[in-house]
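Working notes for the structure below.
The values are calculated or read from the model by the stated rules, or taken from the named source; none is laboratory data. None of the values given here were measured: they were computed from a predicted structure. Heads up, the Cβs are rebuilt from the backbone with ideal geometry, glycines too, and the neighbour counts pull from every protein chain shown.
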Amino acid sequence: MATANSSASDKNKSIMKSKLLFAVFSLLFIIGCGTSRITSTWKARDIIPQRYNKIMVLGLIRTADRQLQQNMEEHMVGDLLAKGYNAVSSLQEYGPKAFDGMDEQAAMNKLKDSGVDAVITIVLLDKEKEKSYVPGHIYYYSPYSYYYRHFWGYHTAIYRRIYEPGYYVTNTRYFWESNVYDLNTQKLLYSIQTQSFNPSDSESLGHEYGQLIIKNITEQGILQ
């Protein structure tokens with residue numbers, strides 16, 4: 001009887017351990033998803049930080065992703081305003097067809113007439129989707145666990161691992177680039193490339209991206 005109780009106790013402990021490990025890995029996976037990271041940066045030489053009168057955030061994203069463009073622009077504008085900069089969204093200022101049919105001179109005149117003297121672009125360089133396989137049963141190796149000490153427990157655990165069907169999940173990766181331009185000289189001051197993995201939605205992506213980029217731009221001394 002004591003042996004049976006001990007075996008049952010060991011089995012329960014093993015199950016609880018497996019559940020705890022699964023919960024921890026699941027939490028780490030959720031935390032890891034939807035995060036953006038900087039992959040590379042470039043900075044012009046001899047930059048003197050300027051205090052711009054009006055910074056425009058311009059999203060260059062295909063028309064099908066208009067909501068994404070709006071969220072990306074608005075969140076970055078909000079992050080600039082929070083740091084004391086005067087900033088506007090191109091969609092808010094001009095609408096979705098801001099510079100359609102314009103040449104360079106006409107576009108520059110339009111920006112200057114609006115009081116814009118700096119532009120931060122948000123460009124979606126690429127968007128990739130990839131499938132990955134998730135096994136139907138999470139299995140943790142431990143030769144001293146309950147499953148290994150008893151034939152049938154081992155048989156059952158391995159059988160479930162081999163024969164229980166899994167499923168596929170689709171992950172989405174975004175590749176971004178943001179540039180900072182001084183419109184008085186029309187020169188590129190700073191460029192930053194990032195990757196975003198599996199954002200939950202465009203709202204959270206815009207929020208995270210805006211904070212990441214503006215924090216880096218200010219730390220690099222691009223803006224006064």
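Restricting the first member to the stretch 63-92 and to residues that are modelled with pLDDT of 95 or more, and the second to residues that are among the charged types (D, E, K, R) and in a loop (DSSP other than H, G, I, E, B), the beta-carbon pairs closer than 7 Å and six or more apart or on different chains are ASN86/LYS54; VAL88/LYS54. Inspect the stretch 92-102 for any residue being farther than 14 Å from ILE213 by Cα, among the aliphatic types (A, V, I, L, M) and out of contact with any Ser or Thr (no Cβ under 7 Å at 6 or more places or on another chain) and give the result as yes or no. Yes; the residues of the stretch 92-102 include at least one that is farther than 14 Å from ILE213 by Cα, among the aliphatic types (A, V, I, L, M) and out of contact with any Ser or Thr (no Cβ under 7 Å at 6 or more places or on another chain).
ASP100 meets all of the listed conditions (1) part of a loop (DSSP other than H, G, I, E, B); (2) among the acidic types (Asp, Glu); (3) under 16 Å from LYS54 (Cα atoms) but one, namely (3).
Among the residues examined, GLY59 qualifies as assigned to a strand (DSSP E or B), surrounded by 12 or more Cβ atoms within 10 Å (Cβ to Cβ) and in contact (Cβ under 8 Å) with a residue 60 or more places away in the chain. Of the residues making up the stretch 182-224, those that are aromatic (Phe, Trp, Tyr) and surrounded by 19 or more Cβ atoms within 10 Å (Cβ to Cβ) number 2. Look at ARG37 and say whether it is in a helix (DSSP H, G or I), modelled with pLDDT of 50 or more, among the charged types (D, E, K, R) and closer than 24 Å to PRO199 by Cα. So ARG37 does not fit the description; no.
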